[in-house]
Structure formats: C-alpha cells, structure tokens
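The structure appears right after this line, and notes come after that.
The values are calculated or read from the model by the stated rules, or taken from the named source; none is laboratory data. Since this is a predicted model, take the numbers as computed values, not measurements. Note that we place each Cβ from the backbone using ideal geometry, even for glycine, and neighbour counts take in every protein chain shown.
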Amino acid sequence: MSPIIHCVRHAQAYHNLTTYNDISPLDPLLTDYGMQQCEELHEAFPHHDGVAAIVASPLKRTMGTALYAFRSVIASRGIKVIALPEIQENSDLPCDTGSDRVELEREFAGQPTDFSLVREGWNSKKGPWAPEHEAIAERCRVARVFLRDLANEEGDIVVVAHGGLLHSLTQDWSDFDRHDGTGWANMEFRSYTFASNGGDQAPLVETDGSLKHRQGTRMTREDQLQLQERAEEAWAAVGYQLPGKCLA
C-alpha cells in the first residue's frame, strides 16, 4: 500500500487574531485556543497508529502544533519532529518570517525536534526563499521529493504547514479565498498519496476518503491552473506574494 501524507494546517496563533492590515507579530506562538485545538486534534485524528514520521515548517506555530497535537505518536515511536525550511509560509510578512536556528533551539529546548535541515538564511525571504511564484514552486517541488523519499523509507507522514503553502505544496487551489488567504481552516487535515511515475515533480493526489470527508471535488489540472492564477493575483494584491506570472 502506498504511503499516506497527512497534511495539517497549524493551530491558531497570535497573528490569526489580526488582519493583513494590522502589524503582525514576528514568528508568533500558538494562542491558548490554538493549544486547545491541538488537544482536540490529538483526540480526534484517526490515523495516529499509522504515522511513522512527522515533518513541520520551522516556524514556531507549526513546530508547536506538531509537538502537541501528535505527542502520543512522538512518544510511542520515539521520533523527532523534522523541521523542513522548504515548507515555511509563502509571504515575507513578519508573522510568516521564521526565527534563526539558535532561537528555535532555545524555544524548543528539551523537545524531540530535529533542526539539522535549518541552515543560515532560511528565513531571509530572499533568493530561493523569496515570496515569488518561481521560488515557491521550486521549494514545494523540493519538499515533495523529500517527503516522497522519506515516506518510501519510513511510511506514513504527518506534515504540519501553513494555509498558503499547503495550496502550493498540494497544487490544489480550490476555495483559496474561503479563509484569510487560504482554503484551509486552522487544524484542518487532508490526506494524500504520491502519483505514480511522478518524476522530479512528485505530485500529490488527495485520497478519495479525504475528498469525501471535506466534501471536495477532484478538479482537472487546467482548472487548477486557472484557480492558481486567480489565487496568486489576489495574494499579490494584499502583499502575501510578489506579483509574478504563473508558469506551472
């Protein structure tokens, strides 16, 4: 059976209490309600037994979500949360800009984390880390290949990331404007497998059960590209992403 990738949007953090017109905090932590959401997912998530690895964006809210919502898996399997810079949030707003590795290691001291992939400059929001279409697409491609290799080695994976990034990672743009800059609610999860013969793009395919659970519709690639163009235009208009041509 093909490994399953369970993608999860982080719990509520302090920037979720503001709008994009407000000054957002740098790399915010989870709110008390966000911690409650983690507890609720910990109790409700139906796939704990199958999870072999956990990967999260290195931002504090995603690391905190992974550590708390999936603590039973971490404890029972003796695994660490792998921080993967390529799945940081797309924008260069303060709330979407991560902390230096030394600060992350201080914040999560004593916790089962692996920051070995977090290198200097990962939070610069420049070059390969810029909030531009081409850079985001390449980061997500690299992330999918990493996840595919890890899944082939370990098995099912939980991936904790961000609302905008998850559209780019899964290449699914449906309902992109349902919430503030995303179609994913806080703590929503969806499940995927990797397409066969996906090559170096390693595309994800949502499972039938996941689509049914969220009452979603499987869309054609052409329809998704049209939605992507609309989404990126909307995000550029409010500063979530730099303007750029959608190429793929």
Review point. Of everything in segment 84-123 that's in a helix (DSSP H, G or I) and among the hydrophobic types (A, V, I, L, M, F, W, C), which residue is nearest to the chain's Cα centre (by Cα)?
Key: I87
Review point. Looking at this structure, is S168 surrounded by fewer than 20 Cβ atoms within 10 Å (Cβ to Cβ), of a type in the set (G, A, S) and either part of a helix (DSSP H, G or I) or in contact with a Leu (Cβ under 9 Å, 6 or more places away or on another chain) (or both)?
Key: no
Check your understanding: In this structure, does W173 turn out to be outside any helix (DSSP H, G or I), touching a residue at least 24 places away in the same chain (Cβ under 8 Å) and closer than 23 Å to P94 by Cα?
Key -> no
Check your understanding: Has segment 85-92 got at least one residue that is buried (at least 18 other Cβ atoms within 10 Å of the Cβ), under 23 Å from S2 (Cβ atoms) and in contact with a His (Cβ under 9 Å, 6 or more places away or on another chain)?
Key -> yes
Exercise for review: Taking only segment 210-225 into account, find how many residues are over 11 Å from D172 (Cβ atoms) and exposed (fewer than 11 other Cβ atoms within 10 Å of the Cβ).
Suggested key: 4
Revision key, fill the gap. Taking segment 181-226 and keeping only residues that are assigned to a loop (DSSP other than H, G, I, E, B), at pLDDT 95 or above and of a type in the set (D, E, K, R), one is left with E188
Check your understanding: Name the pairs: first residue in segment 201-221 and closer than 23 Å to I136 by Cβ, second residue hydrophobic (A, V, I, L, M, F, W, C) and buried (at least 16 other Cβ atoms within 10 Å of the Cβ), Cβ to Cβ under 7 Å, at least 6 apart or on different chains?
Key -> A202/V145; A202/F194; L204/I5; L204/F194
Point to revise | So T113, is it surrounded by 20 or more Cβ atoms within 10 Å (Cβ to Cβ) and farther than 27 Å from R230 by Cα | key: yes
**Study point:** Unmet requirement for R190, which otherwise passes all of (1) farther than 16 Å from L165 by Cβ; (2) among the charged types (D, E, K, R); (3) touching a His at 6+ places or on another chain (Cβ under 8 Å)
**Key:** (1)
